[in-house]
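Notes to accompany the following structure.
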Amino acid sequence: MKILAVRLAAFRRFDEPAAIEDFGDGVNLLCGPNEMGKSTMFQALEAAFLVRHKVSGGVLDGMRPYAGGEPLVEVDFEAQGGRWRIRKQFGRGSSAVLSDLISGGAVARNAEAEERLSALTGASGDLPGSLGLVWVRQQRTLSPPDPDFDHVSGKTKARGEGAILRDVISREIETAAFDATFEGVRDRTKRALDLLATPSRNAAKKDGPLYNAVKLREELKARLDETRAIAQAAEQRLNQIAAMTARLGELEAQAQSQVTGEGVAELEARRAAAVANRTERDLARQAMLRHEAEHAAAAGALAARNKSAEELAAKQSAFAAASEIAQRIETLTAEIAPDLAAARVIDRLGELERQRALAEAELSGHAAHVEIALEEGGRGRVEVGGEALNESRSFQVVEPVEIRIAGVGTIGISTAHAVRGAELRRASEAAGAEIAQVLAEIGASSIEEARGRSATAAKKQVELSGARAKLSGLAPRGLDTLADDIAQLAASIAASDVGAVSEMDVERLRSAAVDARLTFNALSARAMSDDDFRKLDAEIAAARNAEASRKSEIERLRQELAHTKGAQQALDEEGRASELAAHQGEFERADAEMQRWRHEAEALRLLERTLGEIEARAKAAYSAPISRRVARHLERVFGVSELTFRDDFAIDALRRGERPETVSVLSDGTREQLSLLVRLAFAEILAESGRGVPLVVDDPLAYSDDVRLAAVCGELAAATSVPQIIVLTCREKAFEILTGRRLKVTNWRPER
Amino acid sequence: MTALKLTDEAAKPWPMTFRFIHSSDWHLAKPFRRFAPGLAGELAAARLGIIERLAKIARERGARHILVAGDIFDSELIATSEIRRALAQLAEESDLAWLLLPGNHDPLRLSGVWDQVSRLGVPPNVTVLSQAAPLALGSDAVLLPAPVTSKDPGRDITEWMDTAATPASAARIGLAHGSIRGFGSDDDASLLMAPDRAKRAGLQYLALGDWHGAARISADTWYSGTPEPDQFPDNEPGFALAVTVEGTQLAGVEKVPAANFTWMRLERNIHSLADLSAIEPDLRPAGGTLAKTLVRLSLDGHLSLADRAALDLWQEDWSARLRVLEIDDKRLTITSCSGDFESLGLSGPLLEAAKHLSAMSSDPSNGEREAAATALLRLAGFTAQARSEAP
């Protein structure tokens, strides 16, 4: 398709009719200052091809000039081997006329004209289609092409652009056709799945069949669980009733017939027997003690009597001995009495004897020794101191002595100490006289006798002392007392002999005591030990407790049983447990329903995914031809680089060197250049597919430096496959390098 | 005519003829809520209708006693209203003696279902067999019932029959509920009974319940099965047994159809629409009507995509004719055949999608196999719709 001429009247800036009549192949450049109306020309082109003649409202107002009037646009163009004219009158008296310039007649009018027009330009319906891809408004030159994206609403909007691209590219690449049937299947899948799932497909759509099925299933599950719990409780209760009934029967049977050894009564009987046994034992102990005491008493009494008799005998023999000794004492005392005088004087005698001896000795000291030896015939014939001598004699002479010899004469002998001698003689004679007197007093003839008699007295005195001590031992209080004692003792023995126990009695008592002890021992052995007694008491207490607890258990069981039976009956009446099977069935049904919907949703999701994946794969394949074409331009403008596309043909990223760059981070100039080159590639693809349309750009490359501008212009000029490139610019100088036709705006006189 | 014959027989001094109906496993008040509410109601009603139908069968055969070998009620926990309804229905058939034996579903337990029954009042023509003790059935026969007193009695509850004393002239008829070898429900291994109990106990007939199909264990030992099927069977439910005893000799056991609904379970291997048509005659029950027939059809094999789509139409058609048609197609695969796809108008990306899904659905290791099969069906369906709507 190529534009041949554009004419307009009462259109925005152009109050007056104006026209560009000199469009040609290749590059067409309309240069002019700002406000000259270049953008109006662009909009007129859009109005002719893309705006319905019956348009009203803001779009119509936007086309109207400030001065008012009804916009008129007329475009001559070449398409599908023919030459055509579309003339659209907007506003009041709106009309559209499509004329065949070759045959010269109108071929269609109004709506039909617009449909034919769409068909001629390769668009479908009133969607901009390919024109939208390559007609770039002034404000859009910066934005990379974004097929089917509505910049006004910011949303994806089907404008047939992607479809056209896919369509044309599909001729080039080996891939399946995403035709209406595919779209229909995909759409049906989506609609079917939309009923079941949220747009994200991650959850069930609220109030959709799956959602409701899941919800219903959950509700029924909860109800089923509840009913199951109730039924289980009921089942448990039935078991409880059976168990309680059995237990109650057991307890009642126990209560009725005391099992031996377990009942309190039996234990208490045992306890009573044990108590009786112990009492008997205690009595036996008392009897035993009594018997033993009796025996001891009798034995004691017997012993005491025997002892008294022995004592009496002893005392009697003592008395006999004592009496003898007393006799002896008397004898001795009597015997000793005279000798006692001798004893008493013996010392005096001795003294006297000594005194005499002393006097004599002294005398003899003074004496002359006279020895008279008598001869046989002298005897009797010598007299000394008057005393005749009958035998020889020697003596001392202390005092004058006369020795007369009958017959012969008298011889006197005297000493010098005759006075002393005389004293001594007197002293000796006094002592001798006293001795004689004492001896006379005591009846002794001599001192020796006196001495003998004194020694005898001392000897008898010793014997007397011994006898006296012996007597005192035998009868300390005297013989008479002893005799009294004996008499008393004898009397008491005689008295106690009345009713006294005999040996036989004691033996009998002993035997009785032994028997009593044996009885006691036997009973003790039989008697319960204290420990056992305590145990038994504990057993009784336990048995009492058991009995009491059995009673209370019976009571409790009866109550509980009544209560449980009542509860069960109430439940039966209510019938909730009986709903278990019903709820189970309903749950299963809901579960199956949910499974069915879930399966359906899964299947649809899988189908949607499968279709989507196939489409995505295909789309990915689709962008390859564009990338390839763009790459040629990019290489010359930017050096080696690669542009990748998303599957909706929007630019994904630019790769120059290592890292990919998203478009938004590129400079305005680069973005602008990329956008134009991508559109150029689109135009080339369209052209190569035989559905070429003009590339129309309004005020492009505003931010480009001279080098890039030149390079891009070179690409435009070299794009010979594109049937027509129309550049509207205010920068005449800058675009001088762009080779191509320069368009001129001329006056026009529209036909009425 | 019949009366005259009876009089003739009654005139004979010996042997006396004793006839009774042997039934079991009524499972009254089973809710069937797995099905749509309307059908569930009908199925439940059909169970209660057992009483009337058995009564009719009994009268037609001159039987006065109906022995029910357990599982009269579906559960111990049953709404009182359901019990009332059953008792009222039994009382209606007042000329017949109904002898009900507790089974494992309705065991004789304290506060159990039979306590409810006695609380509500047992009709005079109904006997709840709560004792394992001989019970005279008229002058000619003695019944030896073995009530189930617990879900797990842990002993052979029929053992007592061996030593039960009965008059020599009277026929001995045992009545029990439980399993004999392979018969009886799986969960009732605790209710095992000696298979030769009839011989051991000198029974002329041992009437058993628990197994839902009518089954002859030996000449004198039978399961009656349930008179009204309650599930898609793998046995032969839907009968009552009419038993005749001559003196102390078993004279005959007649299987009498008693079901209202027919339940069928079919398994078929199909590879084409023709195979599907071949199933159709099997769907028509011998004695019943299509409208009272419930079918579960398990399909195996493989169909082309087109045939599989046709199967859905076939199912719709037959679902309308039958009371219920459940098709289990989990083991039915769809063959992946390009020609098949193309005949459905699949081309381009749709053909690619179809091949992809078909490959998935025929890969047993693929977790999304079933989803893929359905997705393929939807793809075919949507394609047909889209094409028919396309200009």
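General remarks:
- Cα lying deepest toward the dipole's positive end in the protein assembly as shown, options A:ALA455, A:LEU489, B:THR335, charges on Cβ: B:THR335
- Evaluated with a Cβ-only charge set (Lys, Arg +1; Asp, Glu -1), the range A:602-752 carries a dipole of roughly 480 debye about its Cα centre, given to the nearest 20.
- Inter-chain neighbour count for A:595-608: the average number of beta-carbon atoms from partner chains within 10 Å of each residue's beta-carbon is 5.
- Estimated distance in nm for a label pair at A:GLU115 and A:ALA717, the labels positioned 7 Å out from Cα along Cα-to-Cβ: 4.6
- Amide H contacts under 5 Å for B:GLY70: B:ASP25, B:LEU101, restricted to partners 5 or more places along the chain or on a different chain, H placed in the peptide plane at 1.01 Å from N.
- Near the amide H of A:GLU402, within less than 5 Å, lie the amide hydrogens of A:GLY385, A:ILE413, all on another chain or at least 5 residues away, with H placed in the peptide plane.
- Cleavage-rule hits (trypsin sites (Lys or Arg not before Pro)) in the range A:419-482: DSSP loop, at most 15 neighbouring Cβ within 10 angstrom: A:ARG477
- Scalar couplings 3J(HN,Hα) for the range A:621-628, obtained by applying the Karplus form with A = 6.51, B = -1.76, C = 1.60 to θ = phi - 60°, are 5, 5, 6, 4, x, 5, 3, 4 Hz; x denotes Gly and Pro.
- Sequence-ordered 3J(HN,Hα) estimates for the range A:32-43 from the Karplus curve with 6.51, -1.76 and 1.60 and θ = phi - 60° stand at x, x, 4, 6, 6, x, 5, 5, 5, 4, 4, 5 Hz, glycine and proline given as x.
- Folded to 0 to 90 degrees: helix A:264-366 orientation relative to chain A principal axis, Cα: 40
- Accessible area per residue in Å² at 1.4 Å probe, computed on the range B:21-79: 29
- Counting only heavy atoms of the protein chains and using a 1.4 Å probe, B:SER150 has close to 30 Å² of accessible surface.
- Mean projected area of the Cα convex hull of chain A, taken over all directions, amounts to 114.7 nm².
- Around the Cα centre of chain B, unit charges on the Cβ atoms of Lys, Arg, Asp and Glu (plus for the first two, minus for the last two) sum to a dipole of about 900 debye.
- Looking at chain A, the accessible area is 52 square angstrom per residue; that uses a 1.4 Å probe and ignores ligands, DNA and RNA.
- Within 10 Å of the Cβ of each residue in B:73-82, the mean number of Cβ atoms contributed by other protein chains is 6.
- With Cα atoms, 0 to 90° folded angle of helix B:369-389 axis to chain B main axis: 60
- Computed from the C-beta positions of A:ARG656 and A:THR746 and an R0 of 45 Å, the FRET efficiency is 0.50 to the nearest 0.05.
- Qualifying GluC sites (Glu not before Pro) in the range A:647-682, DSSP loop, other Cβ atoms within 10 Å at most 10: A:GLU658
- Helical contribution to [θ] at 222 nm, DSSP H n ≥ 4, -39,500 (n - 2.57), averaged over chain B, rounded to 500: -10000 deg cm²/dmol
- Electrostatic tally near A:LEU332: other residues with Cβ closer than 9 Å to its Cβ, Lys and Arg +1, Asp and Glu -1, net -1.
- Dipole moment magnitude, nearest 20 debye, chain A about Cα centre, only Lys, Arg, Asp, Glu C-beta charged: 5580
- Sorting B:275-283, A:281-289 by their mean Cβ neighbour count within 10 Å, with the most densely packed peptide first, gives A:281-289, B:275-283.
- Using the Karplus relation 6.51 cos²θ - 1.76 cosθ + 1.60 with θ = phi - 60°, the per-residue 3J(HN,Hα) values for the range A:368-385 come to 9, 7, 10, 10, 10, 9, 7, 9, 4, x, x, 3, x, 9, 8, 10, 10, x Hz, with x marking Gly and Pro.
- Positive-end extreme of charge dipole, the range A:527-641 - chosen from A:ALA543, A:ALA590, A:ALA624 (charges on Cβ): A:ALA624
- Surrounding net charge for B:ILE66, when Lys and Arg each add one and Asp and Glu each subtract one, Cβ distance under 15 Å: -3
- Each residue, B:LYS199 and A:GLU423, gets one label point 7 Å from its Cα in the Cβ direction; the gap between the two is 18.0 nm.
- Remark: mean inter-chain Cβ contacts per residue of A:189-201 equal 1, using a 10 Å Cβ-Cβ cutoff to other protein chain atoms.
- Solvent accessible area, Å² - B:GLU352, 1.4 Å probe, full protein context: 70
- Estimated at the nearest 10 Å², the accessible area of A:TRP135 is 20 Å² with a 1.4 Å probe.
- Per-residue ellipticity at 222 nm from helix content only, as computed over chain A with -39500 (n - 2.57) for each DSSP H run of at least four residues, stands at -21500 deg cm²/dmol.
- Between A:ALA548 and A:SER667, the contour length at 0.36 nm per residue exceeds the Cα-Cα span by 32.7 nm.
- Local electrostatic count at B:PRO237 - Lys and Arg +1, Asp and Glu -1, tallied over other residues with Cβ under 9 Å: -4
- Between 0 and 90°, nearest 10: helix A:418-442 axis offset from chain A longest Cα axis: 80
- For A:LEU643, distant residues with modelled amide H under 5 Å away: A:ARG655
- If a spin label sat at a point 7 angstrom from the Cα of B:LYS292 along the line to its beta carbon, the backbone N atoms of the range B:216-242 nearer than 16 Å would be those of B:227-231, B:237-240.
- Chain B, relative contact order in percent, only Cα pairs under 8 angstrom and at least six apart counted: 12
- Loss of accessible area when A meets B, both sides summed, Å² nearest 100, probe 1.4 Å: 3600
- To put it simply, the accessible area of the protein assembly as shown at a 1.4 Å probe is 51 percent carbon and sulfur.
- When the Cα positions of A:ILE737, A:GLY669, A:ALA444 are compared along the charge dipole of chain A, A:ILE737 comes out farthest toward the positive end, with charges on each C-beta of Lys, Arg, Asp and Glu.
The values are calculated or read from the model by the stated rules, or taken from the named source; none is laboratory data. This one's a predicted model, so the numbers in the text were calculated from it and none came from an experiment. Note: ideal-geometry Cβ built from the backbone for every residue, glycine included; neighbour counts use all protein chains shown. Please note that ligands, DNA and RNA were not included when accessible areas were found on the heavy atoms of the full protein model with its side chains. Shrake-Rupley method; radii C 1.70, N 1.55, O 1.52, S 1.80 Å.
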